[in-house]
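J.: Dropping a structure here in structure tokens format, bear with me for questions.
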Amino acid sequence: MNHRPRSGTTTHPERETTHRERDTGNHRPGLLGIYLNDHLAGSTAGVERARYLTRASRGTAIASAMGQIATEIAQDRDMLLELMRRLDVPARQYKILAGWAVEKAGRLKANGRIVRRSPLSTLIELEVLRVGVQGKVAVWQTLRRLSESEDRLDPGLIDDLLDRAHRQLRTLEELHLRQVTETFRTPGRSRTGARG
């Protein structure tokens, strides 16, 4: 693999190799593996949460947009797995299971209602999804930086993934604002007979 020396770095072969390997993650493959698997766990939780919210929002104003986001989040998880394969980073099954379990546990949080679904649930889940997509932006940014010196990573592909993640964020922010209005809307009350 040919790499040009960076400006301001020594031309000593051993020193140059050390810098290159740190950039690509080859010097400490265990750290890159841990990092990507942690994001894989988060991505697994995000896929489950997005699918759940899509089902729960059927018949509402956000259903169509949520369906598209859920599809894209699942595609992004598949792409993360593909990039891990290209980098020879094995997916750890226990991390995947941990992400799944964390998402299921998150549904048990109090939402102000015992049986029926509360509008607050949708609001909180949109916020959780937004945090998850922000994490995805971070991992794509990391891989984009590594692609500058790692031939197994396609910078153009990662740029496309970054663009899509930013679009998802904008959509989630719009849905969140819409849900704020829906959740905290004060029902109209008739004043007729209020005084007697």
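J.: Average the reciprocal distances over every distinct pair of alpha-carbons in the stretch 127-185, invert the result, and give the Kirkwood radius in Å.
T.: 12.7
J.: Need the full-extension length gain, residue 184 to residue 61, defined as separation in residues times 0.36 nm minus the C-alpha distance. One decimal, nm.
T.: My answer for the length gained is 42.7 nm.
Taken together, the values in this text are just the output of simple stated rules run on the coordinates, not laboratory data. The model shown is predicted, which means the values in this text are computed figures rather than measured ones.
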